[in-house]
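Here is the structure we will look at, set down as structure tokens.
The values are calculated or read from the model by the stated rules, or taken from the named source; none is laboratory data. None of these values were measured; they are calculated from a predicted model. A quick note on method: Cβ atoms are made from the backbone with ideal geometry, for glycine too, and the neighbour counts reach across all protein chains shown. Note: areas computed on protein heavy atoms with side chains; ligands, DNA, RNA excluded. Shrake-Rupley method; radii C 1.70, N 1.55, O 1.52, S 1.80 Å.
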Amino acid sequence: QIESVLSRDWWPKIDLLEGYIGDRKPLCADSPARSFLRRGATFRLLGGSDRPISHEDPNEWHNDKDIFRLTLDPQSNLYDKLCNPKNPPPPETTLQSGTGIAVYSQQYKVGYCSGSNDSCMATENLLSKPSREPLTLDGCSDGPNDFSRDEMVKWFSVNSVDGGELRGGQLIQIRAAVVPFSKLDRVDFYITGNPNSANVKWQYITTAAPVENPGAVITTKYSADPHITVILPPCHNSAGCQQAVRIVLRSGRNPDPDPNGPDSKARADGNFKPDSPCPVGEFDDADDAVFDVLPSYRNQDECDFKTIVTLDENLACHEKECRVDTIRTIEVVPGTYYEYLR
């Protein structure tokens, strides 16, 4: 028995009839688009590992937060088949209700939404205070905080997608209103589950290009790219947990006299993932906000997982599933994976 896909000999094998084993058999590449949603599609439970058994993924992909696995939406038909939801009661918590409005915290030196709520709003009034220290957890420069500037993060919010209170492991949307200088500016989104750490580790989410009108609102689930969503880090504390988001406006300013002209050029990092969550440009702006989340559902309480699942009917694709042709590893709920076998 071959224990690992990496141990296989990939070359064709000669059979006893002057042919090759597997002749005339369909290749994986010949499968119809989204065959994983067809009747007969089979999935195997991987549990807490995102490393497939029957497929080959680079080893460096394992637990790499920058490698995005397809995470199923709870509204998906495939989610119902793989999760088999139990609809458990919410975990018990001692976290009290909050207002959902971030106020300046002496502990964090940034805006903080204390208590449970369905959103956290860092207001224009909070972000426009010119006399205080930077509104960042790690002391990263956030610009002069003056709304007379051409580049500024005006406000941003974290919102529950399903309308319930913010909870660890939950799907959220991040909205941000910015004042861009030109169409070459970029807005970066980050999240962290350890704002209390001396060394905050920011997880990069995505980069968006703002429209040119001042105060434009950008979200992580917007019409041009509805597949960009965010899952809150898990929370295993009955008293709730603190998490945080960062919004960075990277200015595209350069010596070009007409930065909005058709021949203008962005600075070198403008169209790429930034090297650091802390911007270094003179006109860049960065702002953080901390918020409380309720404890996560335990995956085994939320779903009745089966070791092998075979679809008994064809399923319609849902949002992100419609944007891919095939899959290898799929995240059903945060931290629990299946692999698609055939």
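As a summary of the residue check, residue 75 satisfies the conditions (1) free of Cβ contacts under 8 Å to residues at least 24 places away in the same chain; (2) in a loop (DSSP other than H, G, I, E, B); (3) within 30 Å of residue 303 (Cα to Cα) except for the one numbered (1). In region 87-116, the residues that are open to solvent by 70 Å² or more (accessible area, probe 1.4 Å) form Cβ pairs under 9 Å with partners that are part of a loop (DSSP other than H, G, I, E, B) and of a type in the set (Phe, Trp, Tyr), at six or more places apart or across chains, as follows: 90/297. Of the residues examined, residue 168 is not one that is of a type outside the set (A, V, I, L, M, F, W, C), touching a strand residue (DSSP E or B) at 6+ places or on another chain (Cβ under 7 Å) and modelled with pLDDT under 75. Any residue in region 323-342 that's assigned to a loop (DSSP other than H, G, I, E, B): show its pairings with residues that are small (Gly, Ala, Ser) and open to solvent by 50 Å² or more (accessible area, probe 1.4 Å) at Cβ separation under 8 Å, as long as the two are six or more apart or on different chains. Sorted first by the residue in region 323-342, then by its partner, the pairs are 325/33; 326/31; 326/33; 335/48.
For residue 81, the stated conditions do not hold, so it cannot be described as part of a loop (DSSP other than H, G, I, E, B), among the basic types (Lys, Arg) and surrounded by 12 or more Cβ atoms within 10 Å (Cβ to Cβ). Just the residues that are of a type outside the set (S, T, N, Q), in a loop (DSSP other than H, G, I, E, B) and surrounded by 22 or more Cβ atoms within 10 Å (Cβ to Cβ), please, taken from region 168-183. 168, 180, listed by residue number.
Only a single item in (1) modelled with pLDDT under 85; (2) under 21 Å from the mean Cα position of the chain (by Cα) is not met by residue 159, and it is number (1). Starting from residues that are in a helix (DSSP H, G or I) and modelled with pLDDT under 70, keep the ones in region 1-41 and report whichever is least open to solvent (accessible area, probe 1.4 Å). Out of the qualifying residues, it is 5.
State which residue is farthest from residue 39 (Cα to Cα) when the search covers only region 317-338 and only residues that are touching a Cys at 6+ places or on another chain (Cβ under 9 Å) and open to solvent by 50 Å² or more (accessible area, probe 1.4 Å). If we take residues in region 317-338 being touching a Cys at 6+ places or on another chain (Cβ under 9 Å) and open to solvent by 50 Å² or more (accessible area, probe 1.4 Å), then 323 is farthest from residue 39 (Cα to Cα). The set of residues from region 89-109 being aliphatic (A, V, I, L, M) and either on the phi > 0 side of the Ramachandran plot or part of a loop (DSSP other than H, G, I, E, B) (or both) comprises 95, 102.
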